[in-house]
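Notes to accompany the following structure.
The values are calculated or read from the model by the stated rules, or taken from the named source; none is laboratory data. For clarity, every value in this text was computed on a predicted model and none was experimentally measured. Glycine also receives a Cβ, built like all others from the backbone with ideal geometry; neighbour counts cover every protein chain displayed. Heavy atoms of the whole protein, side chains included, go into the accessibility calculation; ligands, DNA and RNA do not. Shrake-Rupley method; radii C 1.70, N 1.55, O 1.52, S 1.80 Å.
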Amino acid sequence: MSDWIDVAAVDDFLPGSCRVVETDEGAIAVFNLDGKYYAIDNTCNHNGGELSEGELDGDEIECPLHGARFSVISGAVLAPPACENLSTFAVRVAGNWIQVDAEGEGV
């Protein structure tokens, strides 16, 4: 069973930007990459940095604390010091809203 949460109106969520959604399980970072939407855990599993505060480069996000890099698309760790992949979450467009499934797909 899915638990879809509104993230933002399509018109308000510009390409190259990120929005954070708080859930009972933690924060989810939702990214707009050229009109395609992806969601991963917002917390770096190395030392707790908020990935939404990091630098987005293409489809990679860098943790602002120690530079670990992750794929926004798959949640895969791409550079240390992190060594574990992040959970990913399904994203959909429903009407004029971007929504994320807070239950997560895992990786």
Wholly enclosed strands (runs of 3 or more DSSP E) of the stretch 1-79 bearing at least 2 residues of a type in the set (Asp, Glu) and within 18 Å of Ile98 (Cβ to Cβ): none
Test: residue in the stretch 88-107 that is touching an Asp or Glu at 6+ places or on another chain (Cβ under 6 Å), over 18 Å from Val10 (Cβ atoms) and free of Cβ contacts under 8 Å to residues at least 60 places away in the same chain: yes
Looking only at the stretch 95-107, and only at residues there that are within 10 Å of Ala39 (Cβ to Cβ) and part of a loop (DSSP other than H, G, I, E, B), the one that is most open to solvent (accessible area, probe 1.4 Å): Glu105
Selection status of Arg92, part of a strand (DSSP E or B), charged (D, E, K, R) and either in contact with a Ser or Thr (Cβ under 6 Å, 6 or more places away or on another chain) or surrounded by 16 or more Cβ atoms within 10 Å (Cβ to Cβ) (or both): no
Condition check for Asp41: crowded, with 19+ Cβ neighbours inside 10 Å, in contact (Cβ under 8 Å) with a residue 40 or more places away in the chain and charged (D, E, K, R): yes
Residue within the stretch 60-82 that is closer than 20 Å to Gly104 by Cβ, surrounded by fewer than 17 Cβ atoms within 10 Å (Cβ to Cβ) and of a type in the set (S, T, N, Q) present: yes
Odd one out for Gly35 among (1) within 11 Å of the chain's Cα centre (by Cα); (2) open to solvent by 40 Å² or more (accessible area, probe 1.4 Å); (3) within 25 Å of Asp3 (Cα to Cα): (1)
Exclusive hit being out of contact with any Lys or Arg (no Cβ under 9 Å at 6 or more places or on another chain) and modelled with pLDDT of 95 or more, set Asn96, Asn32: Asn96
